[in-house]
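The values are calculated or read from the model by the stated rules, or taken from the named source; none is laboratory data. Please read these numbers as outputs of a predicted model, since none were measured by experiment. Don't worry about glycine lacking a Cβ; one is built from the backbone with ideal geometry, like all the others, and counts go over all protein chains shown.
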Amino acid sequence: MKELMIDYLDGNLTGELKDFVTKHIEKDGRWKHEFGKLKELSTLMDNSIELTPDPSLRAEFEKMLAEEIAVASTKPAAKTIHWSSPKMWMQIAASVAILVVGVLVGNKFNADSQQQELTALRLEMEATKQLILSSLGNQSASSRIGAVNASYQMNAMDDDIVNALINTMNTDGNANVRLAAVDALTEFADEENVRKALISALATQDKAVVQIALINLMVRLKEERAIQPMQQIIQDENSIEVVKDEANYGVFKLS
C-alpha cells in the first residue's frame, strides 16, 4: 500500500487502480495518516535546497584550533599513573561497570528495535496479502494481473496466496491472468502441493496458451508425472493441433 501511495503521489497510477487507492485512503484512517506523512515528506524533498557553509567558519575554526594548541603546550606534563593505587583500581572498576551497563542497554535497545522492525514487516506483509486476495476478485483483468504480480513481494510461501493463485490459474476467465498465475506459481514449484496443482491443471485447462505454458514448464522442471496428462491432451479430439504438437514434444523430452 505504501508503494501504491508513492506511485499515487508521483501521478503514476491511472484508472481503477488509482480509484482503489483513493478510496482506500479516504476510508481507512490509518492509511490516510500514512498518506499525509508521505505527502509531507514528498513536499519537503521537493523544496529542499543544498546548504553551503559560510567560508568564515573554516577561518574561525582554524583560529580556535591554534589557540587550543597554544594553551595545551603551556600545561605541565601529565602526572605519573600509580597502578598500585586502590583509588585507581576503583576508578577502573567503575569505568568497566559503566561500559558493561552501556553494552547491555545497547543490546536491549537493538533487540527492541529489531522486534519493532519485525512487527512492522509482518503488518506490511499481511496488508500486502489482503490487498492481493481482494484484488484477485476485481472485475478488471489488469487489476487481477497486478494482484498476481504483487504476490512476488511475499518473501515466503503463504497458503492462502498459493491457493488463490491456483484457483486463478484454473478458473479465471482471462487467459493472460491465468498465465500470470502460472508464472507466479513457478516461484513455489519446489513445493509438492504446488507441483501437483500444476500437473493437475494440464488435464483441466481449456485455454490453449495456458496449456502450452504448463507443458513447457513441466519439461523445464523435468516432471515425468506430467506425461500422462500430456498424453490425454494428445488423445483429446478437442485439443487444437499446436497444443498437441507441444504435448508430443513434452512427452518426447520427458520419456
Item checked: Selection count where residues are more than 17 Å from ALA127 (Cα to Cα) and out of contact with any helix residue (DSSP H, G or I) (no Cβ under 7 Å at 6 or more places or on another chain), scope region 145-176 -> 4
Note to self: Cβ contacts < 6 Å: first residue closer than 18 Å to ASP183 by Cα, restricted to region 126-144; second residue in a helix (DSSP H, G or I) and of a type in the set (A, V, I, L, M, F, W, C), any location; separation 6+ or different chain. Result?
What the structure shows: ILE132/ALA147; ILE132/ALA150; LEU133/ALA164; SER135/ALA147; LEU136/ALA147; LEU136/ALA164; ALA141/VAL177; ARG144/VAL177
Notebook entry, point to check: In this structure, is VAL194 under 25 Å from VAL148 (Cβ atoms) and either among the small types (Gly, Ala, Ser) or at pLDDT below 95 (or both)?
Noted result: yes
